[in-house]
Amino acid sequence: MGKIQVMPKVMADQIAAGEVVARPASCVKELVENSLDAGATRIEVALAEGGIACVTVVDDGEGMSAEDAALAFHRHATSKVHEPRDLARIRTLGFRGEALAAIASVARVRLITRARGEESGVLVRVEGGDMLPPEPIGAPFGTTMEVRDLFFNTPARLKYLRSAQTEQARSVEVVQRESLAHPEVAFVCRTERQVLFQTPGRGDAREVWAALYGVGEARMLLEVRGATGDYALRGYVGRPTQARSSRQHGYLFINGRPVRNPAVQQAVERAYGERLMVGRYPVYALYLEMDPALVDPNVHPQKWEIRLSEERDVCQLVESAVRAALDNAMLTASPRVRTSAPLGSPVPLNLPEAPERTREMQQSPSPAADPKERTRVLARSPSFGQGTGRTAAPREVWESALAVRESAAASQLEAEPEAQAGHGEDRHEAPQERPADWRLRPIGQALRMYILADDGNDLYIIDQHAAHERVLYEDLVDAWEQGDIQPMPLLTPLELSIAPSAFEEVMARREELLALGIEIDPFGAQTVLVRTIPDSWQGLDYAALLRDALDDLASMGAKATAPDIMHRLATRACKAAIKAHDALTMPEMEALCRRLTRARDPYHCPHGRPVFLRMSERELAKSFRRIV
Ligand code: ADP
Ligand code: MG
């Protein structure tokens, strides 16, 4: 007799299970995707002990007949593909017919399901691959899958599970991804004790983002749209200020499937370009729709990796659409006065309770910023205290850079329809909003933090720190990119001591530093002499700046490229920018305004915060009820 035997079915299933269900989170993913494929509009996921003790998924989908319910647990049993050519046009999330067989071979499973039109439901129990005869049971339409004691019969696997807390976190992440992938489905994610989050299922991705990250975060998102012949892209990207320190909050969905694709991720990051600091990653939820023939999800059993047949085209679309959204936001980010304040409401002289930026103003020590004081002053005005809009008006009229986005974007649309043209297509340049002869004339400094200025059309409140940061940053980046950094010799070379561990790394980067206008020589075992600095650093506290920059160099490691180093240095230079509360002279303000008008992006500081608020003459006139 030969030595080869065909392995028992359960054993084969268990081996296959290793690929499909590695942990509770993969079980959650498979069950939720089955519910989605069944057309559910509501899906509830409950986790006991992080899903190790039990994962329950309840849906209101199409359910199964008694016959199908029994078949569902057979390996390669699926209702989703029937013949080989179906594989080339997969619209469903599942198609391998493996998940339920795999799960049932390594857990205790209870399935309760009732299809539309069926008199009653059916209960199917499978333990470690052994199925008990199906029984009728009273049940609502839809399907409940209960997976208990995962890996109870495969101790080796069980050993690899982490703490309940870690497993729960992974499972929750899966539900988060799926709920973002399907904003039209209402998700509830809970433990035995509490609801972790739930989404409304109204089809709005922003509402889902709000459920996961908070309303404030969701409100800041920028809309992305784009299309080419084969692809349609929509979704949201975060502002540069929303960036996180990991890539985990960038979501890509292709035909409703959450996927990971490094090339697309890079395309998004390229679109942000210098708007992101080193080590920060954008948040986004991007939805790509395409012919299923153009994407192969069958690369990995968990279908998380995919292969795109025209990856370059997709990346180009993503990059240009994201860049257009960001550019557009730059133009509209300077908050404008909203002119829709109800008629008869008082003139908004104060800024109580307005979010973000105006709140900063209130913290200023100036007595004029004290809300009580302002209210007292205003109360003296005879027209005040009449009308009902009293408390609402200021908040309605002034809005923060972030909250105002929608209305600003809308007014932008009205004012400049051409700015929208080509949106999402091959538009790499920010639309030109600034006239070539744009001149900002400073009027004076307010609250020792803001420069008031006008350009003949609009009134500006410029954040002096943000403006200076922008200018310093661009000075270095531009000069570096154009290869004309002017090194400025120091009269007496600056002596800097560096940690011994960092010395080698810094010395290895002498060439790159030289290209940035910084010439250093070793001077003993842990000291360097700095002989030149970039000329744009004149007048800054360059000693502190250099000390930090050299520390950075050591921490950036050998993989850092010359542009990385340049960006880090440019970002460092921001720290040396004039601060809030620094008094400025008129010539200083003039110089800063002059340079700002020439900036590539005068609208945002390098960290993405707005540089100025702006009100047009017309908006002022409207606020003063000179016109309606
Ligand atoms: P696949 O999803 O790849 O088809 P599965 O093993 O996950 O394979 O599921 C097998 C079959 O069971 C599915 O094709 C589907 O017909 C049925 N099924 C599984 N879960 C559900 C559900 N929640 N509602 C309705 N039918 C389901
Ligand atoms: Mg499935």
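The values are calculated or read from the model by the stated rules, or taken from the named source; none is laboratory data. As the structure is a prediction and not an experimental result, all values here were calculated from the model. Ligands, DNA and RNA are stripped out before the accessible areas are found, and what is left, the full protein with its side chains, is counted by its heavy atoms. Shrake-Rupley method; radii C 1.70, N 1.55, O 1.52, S 1.80 Å.
Semi-axes of the equivalent ellipsoid for segment 22-136, please: Cα gyration tensor eigenvalues, times 5, square-rooted, ordered largest first, whole Å.
20, 18, 15
What number comes out for accessible area per residue over segment 439-504 if the probe is 1.4 Å? Units Å², please.
Using a 1.4 Å probe on heavy atoms only, each residue of segment 439-504 averages 48 Å².
Taking a 1.4 Å probe, which of Ser497, Ser35 shows the most accessible area, and what order do the others take after it?
Per-residue accessible area, sorted high to low, gives Ser497, Ser35.
What part of the accessible area of segment 1-59, given as a whole %, is carbon or sulfur when the probe is 1.4 angstrom?
Here carbon and sulfur together make up 61 percent of the probe-accessible area.
Can you work out the accessible area per residue across segment 157-253, with the rest of the protein chains kept in place, probe 1.4 Å, in square angstrom?
47
At 1.4 Å probe size, what's the solvent-accessible area of Arg206? Round to the nearest 10 Å².
Spelled out: Arg206, probe radius 1.4 Å, area about 40 Å².
What does segment 76-195 give for Rg and for Dmax, in Å, if only its C-alpha atoms count?
16.7, 46
For segment 495-573, divide the Cα radius of gyration by the Kirkwood radius and give the resulting Rg/Rh value with two decimals.
Ratio of gyration radius to Kirkwood radius: 0.92.
Probe radius 1.4 Å, ligands and nucleic acids left out: which of Trp480, Trp438 has the largest accessible area, and how do the rest follow? Before the final figure, lay out the partial values.
Values: Trp480 65, Trp438 25 Å².
From most exposed to least exposed: Trp480, Trp438.
How big is the equivalent ellipsoid of segment 478-609 along its three axes, where each semi-axis is √(5λ) from the Cα gyration tensor, reported in whole Å from largest to smallest?
The answer is 28, 17, 14 Å, longest axis first.
Quick one: with all protein chains in place, what share of the accessible area of segment 522-617 is carbon or sulfur, to the nearest percent (1.4 Å probe)?
Carbon-and-sulfur percentage of accessible area, whole number: 53.
When the accessible area of segment 247-308 is computed with all protein chains present and a 1.4 Å probe, what percentage of it is carbon and sulfur? The partial results should precede the final answer.
Values: 1080 of 2330 Å².
Its accessible area is 46 percent carbon and sulfur atoms.
Hey, how many Å between the Cα centroid of segment 485-540 and the Cα centroid of segment 191-216?
51
Using the Kirkwood formula over every pair of different C-alpha atoms, what hydrodynamic radius in Å results for segment 78-131?
13.1
Hey, if we sort Val628, Val109 by accessible area with the 1.4 Å probe, largest down, what's the order?
Ranked list, largest accessible area first: Val628, Val109.
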